[in-house]
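Each value in this text was obtained by applying a stated rule to the coordinates, not by laboratory testing. What you see is a predicted model; the values in this text were computed from it and never measured. Positions of Cβ are backbone-derived with ideal geometry, glycine not excepted, and every protein chain shown enters the neighbour counts.
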2 protein chains.
Amino acid sequence: MDEFSFIDSIRPSAYLQPSLIKGVSDDAAVFRQPSEDIVTAVDTMVEDVHFSRETMQPYHIGYRALAANLSDLAAMGSTPAFYLVSLVVPSDWTQEELGEVYRGMRSLASEYHMDLIGGDTVSGKQLCVSITVFGYVVKDKARYRSAAQSGDIVFATGTLGDARAGLECILNGVNDPYLIQRHRTPDPRINFAKRLSSFSRVALNDVSDGIANEANEIAEASKVELHLNFEQIPYTSQISELFPSRYEDWVLSGGEDFELIGTVSEKEWPHIVEVAKQANTPVVEIGRVKESGQNGAVYLYKEGKRSILNKSGYTHLQEERD
Amino acid sequence: MDEFSFIDSIRPSAYLQPSLIKGVSDDAAVFRQPSEDIVTAVDTMVEDVHFSRETMQPYHIGYRALAANLSDLAAMGSTPAFYLVSLVVPSDWTQEELGEVYRGMRSLASEYHMDLIGGDTVSGKQLCVSITVFGYVVKDKARYRSAAQSGDIVFATGTLGDARAGLECILNGVNDPYLIQRHRTPDPRINFAKRLSSFSRVALNDVSDGIANEANEIAEASKVELHLNFEQIPYTSQISELFPSRYEDWVLSGGEDFELIGTVSEKEWPHIVEVAKQANTPVVEIGRVKESGQNGAVYLYKEGKRSILNKSGYTHLQEERD
């Protein structure tokens with residue numbers, strides 16, 4: 001593969017972001033943002049570790065890799081602006097297939113007016129898609145995991161467990177277009193997240209590794225207890241019908257749904273509901289925040305019993321005295 | 001490897017950049033820079049493609065990977081600020097060795113007060129080190145390849161061909177500490193580059209793929225001819241003595257010296273010499289810029305004969321009528 005001609009083929013013909021000064025044509029890209037804070041993150045997906053060509057087309061690989069990164073921007077309450085792409089490409093990938101990976105990224109990027117502003121393409125044994133994203137957020141309104149406070153309502157967007165169930169559908173030839181779409185081309189909650197700058201305080205995290213993990217991250221960072229009710233955690237009826245013995249695990253720790261979990265004061269909760277409606281994003285209360293004596297913990301209530309929910313989604317019943 | 005405990009082990013205990021708002025502890029990092037332009041680039045190095053454990057210690061791998069990225073920031077005339085690291089790690093790499101990769105990066109980063117502000121560590125078949133860097137530059141003073149103009153002096157910093165010769169020394173057991181250091185722990189020309197904001201116009205490119213390639217990039221982007229004199233291109237006497245039949249190729253296209261090639265008006269050339277002295281950076285004139293009828297080209301003069309120098313360093317003699 002000729003790196004130079006390939007770069008030419010994926011170079012944007014026009015840019016959308018007014019803050020961009022120099023795009024893909026020099027040693028680096030240049031932008032300017034005097035009025036907002038800049039948010040940045042990197043996320044890498046590796047073939048046969050994070051995705052397989054048996055279950056994803058090259059287009060989906062690009063789409064989902066960028067979706068995972070946009071979900072990090074959403075989790076900060078920011079609006080996407082730019083992305084950089086680093087590809088490690090094995091010799092059995094054709095230039096056409098790589099073009100499809102970029103087409104998948106472009107498809108999602110254009111929805112949010114994001115510009116591709118640089119990258120790197122090198123040879124290797126295994127396809128690795130590493131994306132760095134940049135977003136903007138109103139000054140001092142980035143949304144952190146550490147912002148939860150006792151008394152807050154815990155909320156979640158969308159439905160959980162879909163992406164894992166969608167993978168299972170593909171693997172077993174179950175034709176459920178909605179679940180399969182949730183695995184291959186998930187839509188991160190940007191439209192909801194970017195509306196959160198009007199709040200005085202919101203704790204926020206994206207559900208990339210499962211809500212069990214993300215709830216624990218909020219609990220740890222904020223040094224609080226999260227008390228979640230399994231009955232309130234949102235999931236589709238499809239997954240409980242199709243996979244009755246496994247859906248509960250997937251709801252708690254299936255991961256890659258790219259939904260959001262957050263906490264907000266009771267006073268501002270109605271405003272969250274309103275903002276979610278504007279963004280066309282389903283949002284529900286799933287529990288409450290309580291004070292923690294120590295380092296934070298997550299409790300799950302189900303059928304009247306209370307368990308400790310750890311990061312990997314494993315629960316164990318608590319004695320009453322706890 | 002436990003990703004979470006490893007991330008804890010490499011998380012900075014303090015940050016140096018005053019513009020940083022949130023470092024390694026959430027879904028993304030946050031910074032604010034109202035007064036300067038932001039420069040960003042990504043560069044990826046893959047084991048057995050860009051480096052080998054036979055010739056580099058894990059420390060050197062980290063050091064050189066960051067050096068390659070800093071060289072891109074230098075090529076834009078910017079001052080380094082932050083970096084994000086994405087590692088793909090095979091199972092035969094120990095946590096201790098990975099710690100050494102990070103120590104190599106930190107060693108160079110601390111020289112320029114850079115903060116590590118995020119990253120990603122995933123499993124894979126082959127070590128891939130992908131680094132995204134951020135730098136700042138005075139507004140509208142980023143230095144582009146496209147800025148060369150007819151009449152400019154072409155200059156180069158340092159000496160060329162050293163990194164390639166250093167690799168050969170390691171492979172053949174030749175103990176030349178200077179050349180070996182130039183291969184393993186090259187020092188990008190940040191101190192020189194960041195002083196260029198006082199110039200009205202400078203074209204700049206870093207010598208990552210060999211000066212033949214970089215000179216052509218300037219010629220193409222600026223639509224000019226670069227006329228270089230081989231006798232003026234700087235190289236050490238060591239490489240011509242140790243490798244008499246190969247050093248000429250390496251000077252032109254050895255690559256990874258992370259020096260700079262640039263062009264500046266005759267009027268401002270004395271100021272370049274002065275700034276280079278302040279930055280303790282050797283700089284010499286290596287040729288002149290002339291008008292081009294078409295898309296730009298690079299000519300090399302050697303022993304009174306003129307050749308066309310193409311991107312890969314290959315030269316062919318020109319007839320007099322050209």
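Remark: relative contact order (region A:143-228) = 46 percent; criterion is Cα-Cα distance under 8 angstrom and separation of 6 or more residues. Working note: Cα gyration tensor of region B:104-163, eigenvalues times five, square-rooted, sorted largest first, giving semi-axes of 32, 18, 14 Å. Averaged over peptide B:127-140, the number of partner chain Cβ atoms lying within 10 Å of each residue's Cβ comes to 4.
Using the Karplus relation 6.51 cos²θ - 1.76 cosθ + 1.60 with θ = phi - 60°, the per-residue 3J(HN,Hα) values for region A:264-272 come to 8, 5, 4, 4, 8, 4, x, 5, 4 Hz, with x marking Gly and Pro.
Each Cα pair under 8 Å and six or more residues apart adds its sequence gap; the mean of these over the residue count of chain B is a relative contact order of 21 percent. Neighbour counts of C-beta atoms inside 10 Å place B:VAL207, A:VAL137, B:VAL174 in the sequence B:VAL174, A:VAL137, B:VAL207, starting with the fewest.
Spin-label model, B:TYR301/B:SER25: points 7 Å from Cα along the beta carbon direction are separated by 6.1 nm. Look at the stretch A:199-207: the mean tally of other chain Cβ atoms within 10 Å of its residues' Cβ atoms is 1. For region B:160-304, the C-alpha radius of gyration sits at 1.07 times the compact-globule guess of 2.2 N^0.38 Å, with N the residue count. Working note: Karplus 6.51/-1.76/1.60 with θ = phi - 60° gives region A:199-213 the couplings 8, 6, 7, 9, 8, 8, 8, 9, 8, 9, 10, x, 5, 4, 5 Hz, where Gly and Pro are set to x. If you take all C-alpha pairs in region A:33-83, what percent of them are over 15 Å apart? In whole percent, the share of Cα-Cα pairs in region A:33-83 beyond 15 Å is 51. With N counted as the residues of chain B, its alpha-carbon radius of gyration over 2.2 N^0.38 Å works out to 1.03. Per the Debye calculation on the protein assembly as shown with a single equal scatterer at every Cα and no solvent contribution, log₁₀ I(q)/I(0) for q = 0.05, 0.12 Å⁻¹ amounts to -0.25, -1.22.
Ordering A:THR159, A:ALA215, A:HIS183 by the projection of their Cα atoms onto the charge dipole of region A:93-243, which places +1 on the Cβ of Lys and Arg and -1 on the Cβ of Asp and Glu, puts A:ALA215 at the extreme positive end. Per residue, the protein assembly as shown reaches -9000 deg cm²/dmol at 222 nm when only DSSP H runs of four or more residues are counted, each adding -39500 (n - 2.57). Once a ≥ b ≥ c are taken as the square roots of the eigenvalues of the Cα gyration tensor of region B:95-221, is the result rounded (a/c under 1.5), prolate (a/b larger than b/c) or oblate (a/b not larger than b/c)? Since a/c reaches 1.5 but b/c is at least a/b, the shape of region B:95-221 is classed as oblate. The other copies place their A:PRO18 label points at 3.0 nm from this one, listed shortest first, where each point is 7 Å from Cα along Cα→Cβ. Given the pairs B:LYS194/B:LYS305; B:LYS223/B:LYS302; A:LYS141/A:LYS223; A:LYS22/A:LYS125; A:LYS194/B:LYS194, which are separated by over 29 angstrom at their Cα positions? Correct reply: B:LYS194/B:LYS305; A:LYS22/A:LYS125; A:LYS194/B:LYS194. Candidate cross-link partners of A:LYS267 among the aspartates and glutamates, defined by an alpha-carbon separation under 17 Å and a same-chain spacing of 8 or more, comprise A:ASP152, A:GLU285. Taking amide H as placed 1.01 Å from N in the peptide plane, the amide H of A:ARG53 sits under 5 Å from that of A:ASP48, each at least 5 places away or on another chain. Label-point distances for A:VAL49 to the equivalent site in the other copies, using a point 7 angstrom along Cα→C-beta, read 1.4 nm when ranked shortest first. With contacts taken as Cα pairs under 8 Å at a separation of at least 6 residues, region A:79-218 carries a relative contact order of 28 percent.
Put in line by how crowded their Cβ is, counting other Cβ atoms within 10 Å and starting with the fewest, B:ARG103, B:ARG182 read B:ARG103, B:ARG182.
Per residue of A:46-56, other chain Cβ atoms within 10 Å of the residue Cβ number 2 on average.
Packing order of peptides A:228-237, A:8-17, B:223-232, highest average first: B:223-232, A:228-237, A:8-17 (average count of other Cβ atoms within 10 Å over each peptide's residues). For B:SER245, the label point sits 7 Å beyond Cα toward Cβ; its separations from the matching points on the remaining copies run 7.0 nm, from shortest to longest.
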